Amino acid sequence: MTKIPFKAVAVDMDGTFMNDDLTYDHERFDKVLTKLHEHHIHFIVSSGRPLSRLQRDFADFLDRIDMIADNGAILVRDNNIISTHFFTYSTGMALINYVEEHFPEAHICISGKDRAYLKESYPTDFKRLMRFYYPNYIAVKDFSEIPASERIIKLTLNCPAEYAEELEAGFNEKHTERIHCTTSGFDDIDVMPYGVNKAQGLKYFLRYFHLTPNQLIAFGDGMNDKEMLELAGYSYAMSNGNPEIIKLAKYKAPSNNESGVLKVLEDYLDQK
């Protein structure tokens, strides 16, 4: 009998676990998840998606999975938030103003703890897309309407991904509370507090489960998965992934549209 070499699974969502039509095979996943639990293997969703979206995506499985939302800013165990990272309100607003001044073509969605914010004036297509990811967003005339009590967790920018390095360096040069920019490669940039990423969230869970990175298998396709794949003892890039991620990962999985994550996990589980 072949021993399964990992005790925790981490999966990105868009371009990895989800098909291009933003769905996944629930019945097939249920069977895989059941087998994983039989072997005491934890399943961790590790995504740039906000928690409210992930809770809808996995509504039937919330008591059987753990979640890392907003690229590491929110950690969820037993469907309860156990850790959050966010900007101070003053830095969050300074960041919004900086983006609007230096990257005026960028459309901004601000992710708060319980809701998101974007401008009424933004194009309908952008608002429709954000409604999918942030179903509870509020449209405002100006971002100054965001209440001071809000916890600003992340900014999602709809703009060329190559702006990320310039934005991060420019803002950090003038502010002591630093930021980190990452991208999934789809003309968007996620801006988070410095040091927040999926790998840091996974380290928290690994400590909680008394596991080591060598006991982690991780799947990703974009640059916001870089730290996570570097951490994992078994790192898989999707065949549809960013070429840099494919080069970085130790192994390659079938594409997201082929349910590559489930296929790889099934192969491991069937070898036991």
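What follows is calculated from the coordinates using simple rules that are stated; it is not laboratory data. Predicted model only: the values in this text are computed from it and were never measured. Glycine also receives a Cβ, built like all others from the backbone with ideal geometry; neighbour counts cover every protein chain displayed.
Going by Cα centres, region 192-257 and region 1-75 are how many Å apart? For region 192-257 versus region 1-75, the Cα centre distance is 13 Å.
Helix 89-102 axis versus longest C-alpha principal axis of the chain: approximately 80°, rounded to the nearest ten. Within region 166-217, the chymotrypsin sites (Phe, Trp or Tyr not before Pro) that combine a DSSP coil assignment with at most 15 other C-beta atoms in a 10 angstrom radius are Phe186, Tyr194.
Between 0 and 90 degrees, rounded to the nearest ten: what's the tilt of helix 26-38 against the longest Cα principal axis of the chain? For helix 26-38, the angle is close to 60 degrees.
Working ranking of peptides 96-102, 77-83 by packing, defined as the average number of other Cβ atoms within 10 Å per residue, highest first, is 96-102, 77-83. The packing ranking, built from the mean of other Cβ atoms within 10 Å per residue, places the peptides 26-32, 214-220, 225-231 in the order 214-220, 225-231, 26-32, highest first.
If a/c stays under 1.5 just call it rounded; otherwise compare a/b with b/c (prolate if a/b is bigger, oblate if not). Do that for region 165-212, with a ≥ b ≥ c from the square roots of the Cα gyration tensor eigenvalues. Oblate, because a/c is 1.5 or more while a/b does not exceed b/c. Summed over all non-identical Cα pairs, the Kirkwood treatment of the chain gives a radius of 18.9 Å. When you count the other C-beta atoms within 10 angstrom of each residue and take the mean per peptide, 54-67, 120-133, 148-161 line up highest first as 148-161, 54-67, 120-133. Each Lys and Arg Cβ is given +1 and each Asp and Glu Cβ -1; about its Cα centre, the chain then shows a dipole of about 940 debye.
When the alpha-carbon atoms of region 204-272 are used, the pair Rg, Dmax equals 12.2, 34 angstrom. In degrees between 0 and 90, to the nearest 10, how far off the longest principal axis of the chain does helix 163-174 point, with axes built from Cα atoms? Roughly 60 degrees, rounded to the nearest 10. Note that region 209-248 shows a convex hull volume over its alpha carbon atoms of 56 Å³ per residue. Partners of Lys127 within straight-line reach, counting lysines whose Cα lies under 25 Å from its Cα and excluding those fewer than 8 residues away in the same chain: Lys113, Lys119, Lys141, Lys154. Think of the chain as a dipole: +1 on every Lys or Arg Cβ, -1 on every Asp or Glu Cβ, centred on the Cα centre; then among Gly233, His37, His107, His37 lies furthest on the positive end. Take every Cα pair under 8 Å whose residues are at least 6 apart in sequence, average their separation, divide by the length of region 133-272, and the relative contact order is 15 percent. Under a 5 Å amide H cut-off, with hydrogens placed 1.01 Å from N, Val140 pairs with Leu118, Lys119, Glu120 among residues at least 5 apart or on other chains.
Please identify, among Glu162, Glu145, Glu177, the residue showing maximal mean-square fluctuation in a Gaussian network model of the chain using a 10 angstrom Cα cutoff. In the Gaussian network model the winner is Glu145.
Contact order for region 1-149, expressed relative to its length and based on alpha carbon pairs under 8 Å spaced 6+ residues apart, stands at 16 percent. Cross-link partners for Lys35 among the lysines, with Cα-Cα distance under 28 Å and sequence neighbours closer than 8 places in the same chain left out: Lys3, Lys7, Lys198, Lys203, Lys226, Lys250, Lys252, Lys263, Lys272. Across every direction, the projection of the convex hull enclosing the Cα atoms of region 38-131 has a mean area of 7.5 nm². Taken about its Cα centre, region 202-267 carries a charge dipole of roughly 200 debye when the Cβ of each Lys and Arg holds +1 and the Cβ of each Asp and Glu holds -1. Here the Karplus relation 6.51 cos²θ - 1.76 cosθ + 1.60, evaluated at θ = phi - 60°, turns the backbone of region 202-216 into coupling constants of 5, 4, 4, 5, 4, 4, 4, 8, 6, 10, 10, x, 5, 9, 10 Hz, with x for every Gly and Pro.
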